[in-house]
Structure formats: C-alpha cells, structure tokens
Amino acid sequence: MSDSLFSDASKRLEIAMKYVSVSEDAIERLKYPKASLTVSIPVRMDDGSLRIFQGYRVRYDNTRGPAKGGVRYHPNVTLDEVQSLAFWMTFKCAVLNLPFGGGKGGITLNPKELSKLELERLSRAYIDAIADFIGPDVDILAPDVYTNSMIMGWMMDQYCIIRRRIDLAVVTGKPLSIGGSIGRNEATATGAFFAIQSLMPKFEQHPSQSTVAVQGFGKVGAALAQLLSQAGYKVVAVSDSQGAIYSKKGLDIPSIRQYKTAAKGIKAVYCKGSVCNIVEHEVLTNQELLALDVDILIPAALENQITEANVNDIKAKYIFEVANGPTTSTADKILESKGIYVFPDILVNAGGVTVSYFEWLQNRSGHYWKLEEVNQRLKEKMVEETEKIWSITQKLDVSMRTAAYIHALNRLGESLDAGGTRDYYINS
Ligand code: NAD
C-alpha cells in the first residue's frame, strides 16, 4: 500500500493540512473513498468467443454535489489508479468551485485491439454493470485516456435504455447532436491555455521567447500544442505512446494533427499512425523529450512520468501538468528545491470538467450556449481560481500545488462540516 499511486497522491493532502483550519473529522473523511465498485464485464467478441473485462467506478466524495469524473480504457487501469484519479477529481472540482464531488472509472484493456463494434458492446456492458452506481444526480461520466465523444454517446444511450427515459446529463463529453456542449472537446486544452496565459506574465516569460515540449499528442496535448503555437510559443517537441519528434526551429502543429487524424485506422476509433512516422523531424524517446532544455514542459499523457529516476534530468523552467498525476511526490520536492515551478494538474487540466459542468447545466435547462459564451465562462473561472491560488502562494510562501490543495481543502472542509454530525452517536 505504501508504494501505491493513491498513497502517493494523498501525501499532497498531508502537506496542505498544515495550513488550513479544517476539522479533523473532515480531514479523516477525505482520506478514504466513499464507495468503490469492481465489475466483471462480459463481452461477445466478433469471432463469437466471450471475453470478460475488469472494470471499476470509484465515488471518492460527493459532499459538494454528485461525483464527476472520466472513464479510462487502458491496459494499466487498476482500482488503485481509478481511486487516485477520483481523489484528484474531488480536489479539482473544489478548486474550480464546481458543485460536484469526485469520481472516476476505468476498464483494464488495450482498446486498440478491439473492433469498433466490440468497443461499443464493451462500453454498453460497462454501463449495464454500473448503472445503479451512477446517474445525473449521483455520479456523472466523461471521457479520459482512450475514450472519446463517440464512446460517451454509447454510454449515455445505454443508460437511457436501462432507465427507460432520456437522461442526457448522466454523461458529459457527448457528441453535439445528442446533448454535447460546444467547446467540450477542446475544453481541457483551452483551460490549460488560459492558466498558462495568466501565469507566464508573472514570470515575464513571453510567448515569443518560450520553447515548449508536450508529452502526449492526444485529445488534450494536441489541442494545447496548437493553441500555444497559434499564440506565438515555439513548440519544439511532441510525443505519443510510440515516441517523440523534435525540431529546434519549431514544429508545424496543425499539419501534425492533420497527419494523426488522417492516419486513423480502419477501426475509425484510434489513430494507427504515430507522430514518429513524420520523417522530416528528429525522433526522440519520451524520456528524451522530458529532458529537453525548454522553457515549458507539458506532460499530457499518463501519471508517474516525472519520478525520482528522471527528475534530475529535467531542464525546463516551468511544468504545466495537463495529465493527472504526472509528477510523483518525491520528484515534486526535488523540482521545488531546484527552483522549477510546477503548476498542478488539479488546476491546469480543470477546464475539461468545467465545460462538463456547463454541458450538465445545458442538458438540464434544455438551453444550449454558443462557443463564445462557453469559452468566456471557462476563461472567467480558470483565471479567477488561478489568481486565488497564486495569491495563496504569495501569502504563505508555498508551491502552487500546495496552494491549490489548501484552496480546495478549505472549500471541502467547510462543506463537510456544514453537513452536520448525523453519524455521531454518544455512548451512554
Ligand atoms: P488521449 O487518449 O486522447 O491521449 C493520450 C496520449 O498520450 C496519446 O497521444 C497517447 O499516444 C499518449 N501516450 C500514451 N501512453 C504514453 C506514454 N507512455 N508516453 C507518452 N505518451 C503516451 O487522452 P487525453 O484525454 O488527451 O488525456 C491525456 C491526459 O490528460 C490524461 O492524464 C488524462 O487523465 C488527462 N485529462 C484529460 C481530460 C480530458 O478532458 N480528456 C481532462 C483532464 C485531464
């Protein structure tokens, strides 16, 4: 247990606890997930055989509102990982002051090995297995690694079939034609961009003088790389699971995105081609990308990428965590001692859940907003909370991560205490 991702994640809570006047009861309750569900998911494969997949849904906390969090399809998904992701969601929703708690789900598989129809059957079977555990007022799903709007559409449809009513708000990140919000696909990247644009001027780091490396050229990493290069930052390296490409003079991000889209396999769900196939660039490993001498490093792939083993190779001045949990707590301390600024996941990647909240609101009101309205509201929230966290760092002389946890913990503690003591009985 001591080496688990979750125990490492909860160390951040221990540091922040020292700076808040939150009740001991509230802290104790935040150390454990409220409920965890493990399910076996039977799927009929195209060849007629039956495969059983392992799936999870964790509701970490729902004090401030229904749990909210994505669903991941990846070979490394475990209950420990899903629990950690649900923990981060709890704090992220509190950082952005959204009326949600934290949840997360996942299925252990390599989704690229499944056909589109197998994936649809799997996604529907997952909802069959967890239907009683989720709902628009209970726990709301969204996309994460290797899940997308098409998969969210199947999940929402299956939930409606089970409930025999239309319940659009049970899933966010859906296709626009069935209740998705405009701007949701790019929201995590757009939110991260607003955070970067708010923070970099404080260090007098101007776009035209900034080089950037992005690890993970997926839904979020690719969109953010494009926003940054449009704003004048020089994106010199990007990567995917197969490796990285580097160009000292800067990469042409729109054409790399176009290549990835055009290289989508016959399964039409995942991209078969890698950025590494674009031959005119220097090819690096993901480890070499992390060690590049750039101003801004953006991990946008998976957790545990910057660890004790490679932290001393990091040369970037600023790290914006777009992935959840890319830096271990040990690496975090070393980065801080080296004067490298880490802007934490629970703030930087919160644009996705913020627009998911907007989608949930739009589904419930039946009134849909324009892209300008979505982005304007997203910008207001990201800038407001970024500034609040920044002022905590200045006041208490703590890192941005500790400040973000302090900020969230104050809100969570207040809500937990406001709920009263219904489970408190005196022995007499
Ligand atoms: P995605 O599946 O669209 O993309 C993941 C990318 O990471 C792909 O390019 C993949 O090739 C790459 N990758 C996988 N393994 C890798 C490895 N070992 N090294 C380097 N690259 C690797 O996923 P996404 O939605 O873009 O999510 C990326 C990260 O952002 C995740 O940590 C996710 O939890 C986080 N996040 C996503 C959202 C969202 O709205 N999608 C919101 C908040 C946080």
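Some observations on this one:
- The stretch 230-248 - residue that is under 16 Å from V294 (Cα atoms), buried (at least 19 other Cβ atoms within 10 Å of the Cβ) and of a type outside the set (A, V, I, L, M) and, of those, nearest to the ligand (Cβ to nearest atom): S239
- Annotation for the stretch 402-413: at least one member residue is in contact with a Pro (Cβ under 6 Å, 6 or more places away or on another chain) and either in a helix (DSSP H, G or I) or within 16 Å of the ligand (Cβ to nearest atom) (or both).
- Matching option when the condition is in contact with a strand residue (DSSP E or B) (Cβ under 8 Å, 6 or more places away or on another chain), under 23 Å from G103 (Cβ atoms), of a type outside the set (S, T, N, Q) and within 16 Å of the ligand (Cβ to nearest atom), among E359, E321: E321
- Odd one out for T393 among (1) closer than 28 Å to I140 by Cβ; (2) among the β-branched types (V, I, T); (3) without any contact (Cβ under 8 Å) to a residue 12 or more places away in the chain: (1)
- Residue in the stretch 200-222 that is nearest to V145 (Cα to Cα), counting only those that are among the hydrophobic types (A, V, I, L, M, F, W, C) and open to solvent by less than 10 Å² (accessible area, probe 1.4 Å): A222
- Scope the stretch 363-389; condition open to solvent by 50 Å² or more (accessible area, probe 1.4 Å) and part of a helix (DSSP H, G or I); matching residues: R364, S365, L371, E372, E373, Q376, R377, K379, E380, E384, E387, K388
- Residue in the stretch 291-299 that is at pLDDT 95 or above, more than 29 Å from I245 (Cβ to Cβ), in a loop (DSSP other than H, G, I, E, B) and of a type outside the set (K, R) present: no
- Those residues of the stretch 59-104 which are farther than 15 Å from D137 by Cα, touching a Lys or Arg at 6+ places or on another chain (Cβ under 6 Å) and small (G, A, S), in sequence order: A86, A94
- S274 meets all of the listed conditions (1) open to solvent by 10 Å² or more (accessible area, probe 1.4 Å); (2) modelled with pLDDT under 95 but one, namely (1).
- Strands (runs of 3 or more DSSP E) wholly inside the stretch 210-266 that include at least 1 residues being charged (D, E, K, R) and at pLDDT below 95: 234-240
- Filter result for R411 (buried (at least 23 other Cβ atoms within 10 Å of the Cβ), out of contact with any Phe, Trp or Tyr (no Cβ under 7 Å at 6 or more places or on another chain), of a type in the set (K, R) and not assigned by TED's automatic domain parsing to the domain that holds D139): no
- Qualifying position, being touching a residue at least 40 places away in the same chain (Cβ under 8 Å), farther than 27 Å from L96 by Cα and buried (at least 24 other Cβ atoms within 10 Å of the Cβ), among Y126, Y159: Y126
- Among strands (runs of 3 or more DSSP E) entirely within the stretch 33-98, having at least 3 residues that are more than 13 Å from the ligand (Cβ to nearest atom) and surrounded by fewer than 22 Cβ atoms within 10 Å (Cβ to Cβ) singles out 35-44, 50-61.
- Pairs are defined by a Cβ separation below 8 Å, a sequence spacing of at least 6 or placement on different chains, a first member in the stretch 305-334 that is assigned to a loop (DSSP other than H, G, I, E, B), and a second member that is of a type in the set (K, R) and open to solvent by 20 Å² or more (accessible area, probe 1.4 Å); the pairs so defined are I314/K338.
- Residues that are within 27 Å of G105 (Cα to Cα) and either more than 16 Å from the ligand (Cβ to nearest atom) or surrounded by fewer than 16 Cβ atoms within 10 Å (Cβ to Cβ) (or both) within the stretch 332-356 comprise just one, D332.
The values are calculated or read from the model by the stated rules, or taken from the named source; none is laboratory data. All of these numbers come straight from a predicted model, not from anything done at the bench. Cβ: placed from backbone, ideal geometry, glycine included. Neighbour counts: every protein chain shown. The accessibility values were calculated without ligands, DNA or RNA, using every heavy atom of the protein model including side chains. Shrake-Rupley method; radii C 1.70, N 1.55, O 1.52, S 1.80 Å.
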